[in-house]
Amino acid sequence: MELTDITRVLGGRKMLKAEIRSPMDLVELSRRGISRAALNHLIRYAGLTLTQMASLLPITERTIQRYDFNAFFNAAVSEQILAIARLFARGEQVFGAKSKFMDWLHAENPALARRKPFDLLASRFGSDMVNDELGRIEHGLIS
């Protein structure tokens, strides 16, 4: 996965006011904050509702709704948004199509204790498990 794919998933350079070219850019962007507008782009990209996205973030849906579209989330929320965007970009690459990745994300997975990968994304540990599973698929260790 190219780091620029994360930029695309979040609405592009214009939306982020930056381009992600290195892991350090992720650190800097999480410190600066991700805008509500970029989060909205991620929600549309992923085909999720605000309620579903809020369930993955350390912030309530109501608090997100109060944010102006040009306002920036704090570092903790921004870091989680970036982690989700990175996972979506990688998933699309591994499966070759966003729709195939989304089907996989919302289906029970035996390797994840029969849980849906999406349901694990709210936790850093769960996200790591989903990312590891994508790695196994990418390397042909499972189908």
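The values are calculated or read from the model by the stated rules, or taken from the named source; none is laboratory data. Everything quoted here is computed from the prediction, not taken from an experiment. Here the Cβ is made from the backbone with ideal geometry for all residues, glycine too, and neighbour counts use every protein chain on show. Just the protein is used for accessible areas: all its heavy atoms, side chains included, with ligands, DNA and RNA removed. Shrake-Rupley method; radii C 1.70, N 1.55, O 1.52, S 1.80 Å.
Structure notes:
- Ranked by the mean number of other Cβ atoms within 10 Å per residue, highest first, peptides 58-68, 130-140 order as 130-140, 58-68.
- Counting charges near Ala46 (Lys, Arg +1; Asp, Glu -1) among other residues having Cβ under 15 Å from its Cβ returns a value of +3.
- The alpha carbons of region 26-76 stretch over 27, 21, 19 Å along the principal axes, in descending order.
- Alpha-carbon geometry of the chain: the Rg and the Dmax are 14.6, 44 Å, given in that order.
- Percentage of interatomic Cα-Cα distances in region 99-143 larger than 13 Å: 52
- Working note: 222 nm ellipticity from helices only, DSSP H runs with n ≥ 4, each -39,500 (n - 2.57), summed and divided by the residues of the chain, gives -18000 deg cm²/dmol to the nearest 500.
- For the chain: accessible area per residue (Å², 1.4 Å): 54
- The Ala76 and Ile142 beta-carbon pair, evaluated with R₀ = 35 Å, returns a calculated FRET efficiency of approximately 0.60.
- Partner lysines whose Cα lies under 17 Å from the Cα of Lys98, excluding those fewer than 8 positions away in the same chain, are identified as Lys116.
- With the simple model of a label 7 Å out from the Cα in the direction of the Cβ, Arg124 to Gln52 spans 2.6 nm.
- Maximal additional length on extending the Ala18-Leu112 stretch stands at 30.4 nm, based on 0.36 nm per residue less the C-alpha distance.
- Radius 15 Å from Cβ of Gly140, net charge of other residues (Lys, Arg +1; Asp, Glu -1): -2
- Each other residue within a Cβ distance under 12 Å of Glu2 adds +1 if Lys or Arg and -1 if Asp or Glu, for a net charge of +1.
- Förster radius 35 Å - calculated FRET efficiency between Glu28 and Phe69 (Cβ-Cβ, nearest 0.05): 0.95
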